[in-house]
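Engineer: The structure follows.
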Amino acid sequence: MKVVLKHGKEKFLQRGYPWVFQNQVHRVDGGPARGDIVIIEDASGKAYGQGFFHDESQIVVRFLTGRTDVEIDDKFFHARIARAVELREQMFGTTTHARLVFGESDGIPGTIVDRYGDVLTWTTLCYGVDRRRDAFLDILSEVRSPVAIVERNDADLRDKDGLEERSGVLRGTLPDEIVIDEAGVRYRVDVLNGPKTGFFIDQRINRQAVRLFARGRSVLDVFCADGGFGLHAAAAGADSVHAIDTSEPALDRLRSNVELNGFGDRYRIEQADALDRLTSLAQDGVTYDLVILDPPAFAKSKRHRESAKRAYQSININAFKLLAPGGILVTSSCSQAIDESHFEKIVRYAARVAGVATRRLARGSQSPDHPILDTMPETSYLKLFVYQKLADELPS
């Protein structure tokens, strides 16, 4: 069974891009079923490797290997998963949480496996992987021996691969409580109902970096979610933390985490629309020493880029206005459709509009357990900058 590309459409595969789209395909030979393994050939008959086939998705083939003489079986996937897990164990040792598998970057297309203590979460957008779910769960059980494996396949993106949304415990027994520890800060994680697979693991390095700037400062933590950044600021000795989010369930989890860490005397928690509240705080002349912006993805795709740009400009303009002279802005974007260079221009523009002079102190990306595949821009999505507002304003 094979997928034959149109003339000239092999250049993306030659560069290492791991998807074949509908408009690249000339014909499909052999009648493969959805989720089967197919060989990819160019118009001249040259083979480029093997991948998962999907007859209805815009992504017709998700690439697996550049070799055609390798059998794609349980042994093949066991080696891939074991290699991915080994890398995370080398990075983080016995840490309580990590992303063990990050999709195409680990050679398991469209698939995410996260670890929270002895519990694993399983997410996939790929029909070929979903069809082999039990085999993958067997491999994960052998490699990691979890007490439970939880399915978090509740994203609407699954519809694009003809997959239904599902969540629940697939194997084992879920503990009554899951608590993770990140550099001494503890979080209760709800793997069934929490954000993503239960927690925002991708910011782990950036959260710890923010501790450098938090001691003795008043902090505004906007889009605070479960308290990821703000709790680290409090642990580093921040005088106060004002946390804002629109989600009451997220704030309930934050309250639980604040209590767990004993930071209640320094926390003020407020439910509000973040964009509106930032504007009103700036209009009221309130100031903070450290402002943290960690919004959800404003741009889910390229067609949302302009509206996302306006939203990022708005929150960053107000954040600069809210900073006291010498204050620190930590600003982040997880919109893959806006790259790092574009996001940096947005933040610099916001500083000019706010009339403040700045200097950049640090930059960040996604945690290394979310490795970036150089040939696939989609695997790079998280950007973070740390700027200081200088005492001197820009010339008017």
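The values are calculated or read from the model by the stated rules, or taken from the named source; none is laboratory data. No experiment lies behind these values; they were computed from the predicted model shown. Positions of Cβ are backbone-derived with ideal geometry, glycine not excepted, and every protein chain shown enters the neighbour counts. Just so you know, the surface numbers come from the protein's heavy atoms only, side chains and all, with ligands and any DNA or RNA stripped out. Shrake-Rupley method; radii C 1.70, N 1.55, O 1.52, S 1.80 Å.
Engineer: Ser256: net charge of surrounding residues, Cβ under 12 Å, Lys/Arg +1, Asp/Glu -1, itself excluded?
Structural biologist: On the way: positive: Arg186, Arg188, Arg253, Arg255; negative: Glu177, Asp190, Asp226, Asp252, Glu259.
Every neighbour counted, the sum reads -1.
Engineer: Any idea what % of Cα-Cα pairs in the stretch 233-313 are farther than 15 Å?
Structural biologist: Values: 2135 of 3240 pairs.
Distances greater than 15 Å cover 66 percent of the Cα pairs.
Engineer: I would also like to ask the following. Report, please, the projected area of the stretch 127-175 averaged over directions, based on the convex hull of its C-alpha atoms, in nm².
Structural biologist: Working: hull surface 14.3 nm².
Answer in nm², one decimal: 3.6.
Engineer: Over the stretch 1-74, how many percent of alpha carbon pairs lie in each 5 Å bin up to the one with the longest distance?
Structural biologist: 4, 18, 34, 28, 13, 3, 0
Engineer: Based on the alpha carbons, how large is the Rg to Rh ratio for the chain when Rh follows Kirkwood?
Structural biologist: 1.01
Engineer: Something else about it: Over the stretch 289-333, how many percent of alpha carbon pairs lie in each 10 Å bin up to the one with the longest distance?
Structural biologist: 28, 47, 20, 5
Engineer: Right, here's the next one. What is the Å³ per residue value for the convex hull set by the Cα atoms of the stretch 264-364?
Structural biologist: About 121 Å³ per residue, rounded to a whole number.
Engineer: For the chain, give the share of DSSP beta bridges that are antiparallel, in percent and rounded to the nearest 5; count only bridges with both residues there.
Structural biologist: Taking every DSSP beta bridge within the chain, about 65 percent pair in antiparallel fashion.
Engineer: Next question, about the same structure. How high is the relative contact order of the chain, given as a whole-number percent (alpha carbon pairs under 8 Å, six or more residues apart)?
Structural biologist: 11
Engineer: Can you grab the distance from the C-alpha centre of the stretch 117-191 to the C-alpha centre of the stretch 218-297, Å, no decimals?
Structural biologist: With the stretch 117-191 and the stretch 218-297 each reduced to a Cα centre, they are spaced 29 Å.
Engineer: Let me ask another. Return one whole number: the accessible area per residue of the chain in Å², for a 1.4 Å probe.
Structural biologist: 44
Engineer: Semi-axes of the equivalent ellipsoid of the stretch 98-238: what are they in whole Å, largest first, if each equals the square root of 5 times a C-alpha gyration tensor eigenvalue?
Structural biologist: 31, 16, 13
Engineer: In addition: Can you give me the Kirkwood hydrodynamic radius for the stretch 338-390, using every pair of distinct Cα atoms, in Å to one decimal?
Structural biologist: 12.4
Engineer: Moving on. For the stretch 1-49 and the stretch 333-396, what is the separation of their Cα centres, given in Å?
Structural biologist: A separation of 37 Å, based on Cα centres.
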